[in-house]
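Report on the structure given below.
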Amino acid sequence: MGSKEMTAIEPAMQKTWRVAAAGSLLAAEFDGQTVVYHTGAGHTHWVSPVAAEVLHQLSLNPQNVPALYAALSELVSQEDLPLLADSLQETLEHLKQLNLIEPT
């Protein structure tokens, strides 16, 4: 990670995230958009492509921000890496507000 990208994610570096423990998540893709159903809460959410990939990565195992950034950075162009750092932090906060993920 470059210094610019690192600065954008430093505050959350220590957090490890996981898919919310209460229930499970079911995801389906429709015409390039992903919808997620949280079985524990009974809520359905449309999520962005970044959010869908974050949920996929966290469904594999709990991860911290640098690990998520590394996994996602392989899917975007070099020129989009600075945007990814900002988007990742916003996405984590949004998914937390939706009760789809939680810190460990």
Step by step: first the residues of the stretch 22-39, then only those that are within 15 Å of E102 (Cβ to Cβ) and over 17 Å from the mean Cα position of the chain (by Cα), then the one that is surrounded by the fewest Cβ atoms within 10 Å (Cβ to Cβ). Which residue is that? A22
Of the candidates L98, L88, the one satisfying the condition of being touching a residue at least 12 places away in the same chain (Cβ under 8 Å), surrounded by 12 or more Cβ atoms within 10 Å (Cβ to Cβ), among the hydrophobic types (A, V, I, L, M, F, W, C) and in contact with a strand residue (DSSP E or B) (Cβ under 9 Å, 6 or more places away or on another chain) is L98
Looking only at the stretch 40-54, and only at residues there that are in a helix (DSSP H, G or I) and in contact (Cβ under 8 Å) with a residue 40 or more places away in the chain, the one that is surrounded by the most Cβ atoms within 10 Å (Cβ to Cβ): V54
Here is a check on your reading of the model: is P66 at pLDDT below 90, over 18 Å from N99 (Cβ atoms) and surrounded by 12 or more Cβ atoms within 10 Å (Cβ to Cβ)? no
Residue within the stretch 63-76 that is of a type in the set (V, I, T) and closer than 21 Å to K15 by Cβ present: yes
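The values are calculated or read from the model by the stated rules, or taken from the named source; none is laboratory data. Just so you know, these numbers come straight off a predicted model, no measurement behind them. Every residue, glycine among them, receives a Cβ derived from its backbone with ideal geometry; neighbour counts consider all protein chains shown.
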